[in-house]
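> Quick one: the structure is below, questions incoming.
The values are calculated or read from the model by the stated rules, or taken from the named source; none is laboratory data. Source: prediction; values computed, not measured. Note: ideal-geometry Cβ built from the backbone for every residue, glycine included; neighbour counts use all protein chains shown. Quick note on the areas: whole protein, heavy atoms, side chains included, nothing else; ligands and nucleic acids left out. Shrake-Rupley method; radii C 1.70, N 1.55, O 1.52, S 1.80 Å.
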Amino acid sequence: MSSHHIVRDDQEPALIIANGASCSEELLGQLLEWSPLVIVLDSAIERVLELGIKVDVLLGDFDRGFNPEYFLEKQYPLEIVHTPNQDKTDLEKAFDYLIEKGHTAVNVIWATGKRADHTITNITSIAKFRKQLKIVLLDDHSKIFLLPNNFEKWYTKNTTISLIPIGEVTGIYSKNLFYPLENHSLTIGYKTGSSNHVTEDGIVSISHAKGDLLLMECCD
């Protein structure tokens, strides 16, 4: 696995590597190529080193006898960021780091799969950063991001789209989805918009009045 390129204008999203299930080398390589900054959480650093990935920042609470200095020799230059706050997950602390450094967008991989509690927490935690950071979670089967109140994007026919609320979302309208939404409300655990799909090639429009609504572009 080759190292990432440095994007001089910092217009491309940063990349965070968490510690869930691995993605394909193809997806990983595509993201590394254009990421101006690569952050790895401490729990994933060994796996990252095995793939020969060059990272810029090693971040975490470094608990359980973890020695971050060991990795300076293998990844020099490397910024080590100790984040001992136990009130936030390491992924949330990585988001905080990016916001502090002035980044506005980030892709996240290895954030799903393996432990279900980590997967749910990682997906739902992006809502609290909606005003500061554009976050996209990716794996080999899904692209997950939080919708603005008004959203439009071109899709091909039959693209699978799931709308998943974080809590309750009200006043949802859609155009060009097979199962249309007309002033619908969705509530996690009771009613979601899972496994909808695009009716025809063209623009899909989705709007909602209140709440945090995730869009998941999915493939089997």
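> Would you say Ser22 is of a type outside the set (A, V, I, L, M) and in a helix (DSSP H, G or I)?
Spelling it out, it is not the case that Ser22 is of a type outside the set (A, V, I, L, M) and in a helix (DSSP H, G or I).
> Select from region 137-161 the residues that are surrounded by fewer than 17 Cβ atoms within 10 Å (Cβ to Cβ) and either under 24 Å from Ala44 (Cα atoms) or at pLDDT below 95 (or both) and list them in ascending order.
Asp140, His141, Ser142, Lys143
> Tell me, which strands (runs of 3 or more DSSP E) lie completely within region 127-220 with 3 or more residues that are free of Cβ contacts under 8 Å to residues at least 60 places away in the same chain and touching a strand residue (DSSP E or B) at 6+ places or on another chain (Cβ under 8 Å)?
150-155, 160-175, 182-187, 193-197, 202-207
> Can Ile109 be described as in contact with a strand residue (DSSP E or B) (Cβ under 6 Å, 6 or more places away or on another chain) and either buried (at least 18 other Cβ atoms within 10 Å of the Cβ) or free of Cβ contacts under 8 Å to residues at least 40 places away in the same chain (or both)?
yes
> Listed residues Ser125, Ser142, Ser185; which is more than 21 Å from Leu91 (Cβ to Cβ) and small (Gly, Ala, Ser)?
Among Ser125, Ser142, Ser185, only Ser185 is more than 21 Å from Leu91 (Cβ to Cβ) and small (Gly, Ala, Ser).
> I'm trying to understand the selection: among the residues of region 48-95, which are at pLDDT 90 or above, in contact with an Asp or Glu (Cβ under 7 Å, 6 or more places away or on another chain) and open to solvent by 60 Å² or more (accessible area, probe 1.4 Å)?
Glu79, the sole residue that qualifies.
> Follow-up question, since we're still on this one. Might you check whether a residue that is modelled with pLDDT of 95 or more, within 30 Å of Ile80 (Cβ to Cβ), surrounded by 14 or more Cβ atoms within 10 Å (Cβ to Cβ) and of a type in the set (Lys, Arg) occurs anywhere in region 169-176?
no
> Any residue in region 62-81 that's of a type in the set (Ser, Thr, Tyr): show its pairings with residues that are in a helix (DSSP H, G or I) and open to solvent by less than 70 Å² (accessible area, probe 1.4 Å) at Cβ separation under 6 Å, as long as the two are six or more apart or on different chains.
none
> Hey, can you tell me all the residues within region 28-47 that are open to solvent by 20 Å² or more (accessible area, probe 1.4 Å) and assigned to a helix (DSSP H, G or I)?
Gly29, Gln30, Leu31, Glu33, Trp34, Ser43, Glu46, Arg47
> When you check Thr119 against the structure, is it touching a strand residue (DSSP E or B) at 6+ places or on another chain (Cβ under 9 Å), under 17 Å from Ala18 (Cβ atoms), open to solvent by 10 Å² or more (accessible area, probe 1.4 Å) and touching a residue at least 12 places away in the same chain (Cβ under 8 Å), yes or no?
When the stated conditions are applied, Thr119 does not pass them.
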